[in-house]
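The values are calculated or read from the model by the stated rules, or taken from the named source; none is laboratory data. Remember, predicted model here, so these are calculated numbers, not experimental data. Cβ sites come from the backbone with ideal geometry, for glycine too, and all protein chains shown count toward neighbours.
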């Protein structure tokens, strides 16, 4: 009498057989690295803390600053960083030295979402 052949319902010759690692974790890690690079090198969010540029931007507005665009053109609002680390938004014509980037758009508050255009008159003395 012969014993019946044993059959394994799950073949063991598959690649990664027995691996229980989810593909979600590596995807999250890659996503976080890419987001960090984009935020650090390309785009930065900026919260407007005071009423310096009213009515162009108001206190509480949040804007996206394109860090690669350091040559502010006419009509742009530029982000300028001071030597003490403070940053401020100024119209492109008032930029003295090199801008840290130019404002691309306002994304908060929702009622004012859109492109930011610098005022036509100088705010600086």
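Exactly one residue out of 60, 75, 31 is modelled with pLDDT of 80 or more, at positive phi and surrounded by 10 or more Cβ atoms within 10 Å (Cβ to Cβ), and it is 60.
Given the criteria touching a strand residue (DSSP E or B) at 6+ places or on another chain (Cβ under 9 Å), at pLDDT below 75, surrounded by 12 or more Cβ atoms within 10 Å (Cβ to Cβ) and not in a helix (DSSP H, G or I), does residue 70 qualify? Answer is yes for this residue.
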